[in-house]
Amino acid sequence: MVDLTTDYLGLKLKNPIIVGSSGLTRSLEGIARCAEAGAGAVVLKSLFEEQFKLNDRSEGTGLYPEIMDYFQSGALLDYAPRKVVEIIKEAKKQFDLPVIASINCQSQRHWIRFAQQLEDAGGDALELNIYTLPIDPDKSGEEYERSYLDIVESVRKATNLPLAVKIFHQITALPNFVRRLSEAGAQAVVLFNWFLEPDFDLRTMSSLQQKGQANFHLVLRWICLLAQRVGCQLVASGGVRSGRDIVKLILAGASAVQVCTLFYQRGLGVIKDLLEETTAWFNEHGFKNLSECQGKLSFKEEALRVKGSGKAEVFLRSQYIRLYTD
Ligand SMILES: Cc1cc2nc3c(=O)[nH]c(=O)nc-3n(C[C@H](O)[C@H](O)[C@H](O)COP(=O)(O)O)c2cc1C
């Protein structure tokens, strides 16, 4: 009997499959479906700072009128902070399922305020969905990184909830940055944030933003390179389509995996298939539990295995040269 339980953020998950933050987790009914389908945990749909501002008109929204129209059209208003608090309270009463709340803010004050509200509501953990593209030519990478670290430090001080930080892949030196996130108080980092990709509509000559295709191999690479080297847990998010993908991410060193698109495409019933495929692989390879297998192919383990490879750079360089001289 294979034991797929995993420890994530100090919570015991019955398996490593987390339904990622999305429309699938924005209501109590949605969470019920995830629990019934056997998910290991859920991350609630992110709350955006703008939703607070709509609730609290005293401070003015500072939003463009077009954006105001969108928010007020109901798309986001029906997912207000107060409602999320109710969802968490009910979900904790009704289901035996860890509930991780997610927030995306701009200002320090709102990150803190929301974290405290969620802690009071009984959320099990908090995912900070930090989404700021480094687009300002006057701002250095260090300045951007400092601003992310400030958010984590201030939320850490304001709450006792375990913290995961969902980051964007566009950071110059990820290992150093992730280690600093861990030192700032993050227990886990989610690799990577959902991203939008630009396109142009040539008929109307206007720009468009569409959801980008997740890059499974980008996630696999960084889980592999960071595992056991940065002081915190790692969770994969992006491009998981099969049980084999889950096995690869665990071998790389992930503590859990977040999945969305596959559930939109094939329904939550596919969780059962993913677990069966993962279990079959574990059985075939003689692993009894997840921790025995976790990180077996991480960069750290690989580098230790290859005698004399020395520093990380030397190991990677030797791999690169081997491929290019074929
Ligand atoms: C429809 C949809 C809505 C999403 N909304 C959010 C969100 O509000 N906050 C967030 O952090 N991620 C959001 N995501 C990203 C997912 O949480 C997750 O990181 C990503 O979708 C995982 O990759 P996959 O879709 O290839 O499984 C969303 C994804 C989808 C498909």
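The values are calculated or read from the model by the stated rules, or taken from the named source; none is laboratory data. The structure presented is a predicted model; accordingly, all values stated were derived computationally and were not measured. Ideal geometry is used to build each Cβ from the backbone, glycine not excepted, and the neighbour counts take in all protein chains shown. Keep in mind that these areas ignore ligands, DNA and RNA; they rest on the heavy atoms of the full protein, side chains included. Shrake-Rupley method; radii C 1.70, N 1.55, O 1.52, S 1.80 Å.
Here are a few things to note about the model shown:
- Distance from region 140-168 to region 243-259 (C-alpha centre basis), Å: 25
- Prolate/oblate/rounded label for region 138-283 (Cα gyration tensor, a/c 1.5): oblate
- Sulfur and carbon atoms: percent of accessible area, the chain [1.4 Å]: 52
- By DSSP, the beta bridges lying fully in the chain are antiparallel in about 25 percent of cases.
- Furthest towards positive pole of dipole, Asn104, Leu11, Asn129, structure part the chain, Cβ charges: Leu11
- Spatially proximal aspartates and glutamates relative to Lys288 (Cα-Cα < 15 Å; intrachain offsets below 8 disregarded): Asp3, Glu276, Glu277
- Grouping the Cα pair distances of region 190-276 into 10 Å bins from zero gives a pair-distance distribution of 17, 40, 26, 13, 5 percent in increasing distance order.
- Relative contact order computed over the chain (Cα-Cα under 8 Å; 6+ residues apart), in percent: 17
- Label-point separation, Gln94 to Arg266 (7 Å along Cα→Cβ), nm: 2.7
- Take the Cβ atoms of Val2 and Ser207, set R0 to 35 Å, and the FRET efficiency comes out at 0.10.
- Taking the square roots of 5 times each eigenvalue of the Cα gyration tensor of the chain, largest first, gives ellipsoid semi-axes of 32, 25, 20 Å.
- A viscosity of 1.002 mPa s and a temperature of 20 °C, combined with the Kirkwood radius over Cα pairs in Stokes-Einstein, give a translational diffusion coefficient for region 207-253 of 185 µm²/s.
- Amide H to amide H, with H built 1.01 Å from N, Leu47 comes under 5 Å of Ser102, Ile103, Asn104, counting only residues 5 or more places away or on other chains.
- 1.4 Å probe accessible area per residue over the chain, in Å²: 51
- Excluding same-chain neighbours fewer than eight residues apart, the lysines reachable from Lys157 by a Cα-Cα span under 30 Å are Lys12, Lys14, Lys45, Lys53, Lys83, Lys89, Lys92, Lys93, Lys139, Lys166.
- Segment Asn176..Glu153, full-extension length gain: 6.6 nm, with 0.36 nm per residue of separation and the alpha-carbon distance subtracted.
- R0 of 41 Å, Cβ-Cβ distance Ser242-Arg322: FRET efficiency to nearest 0.05: 0.90
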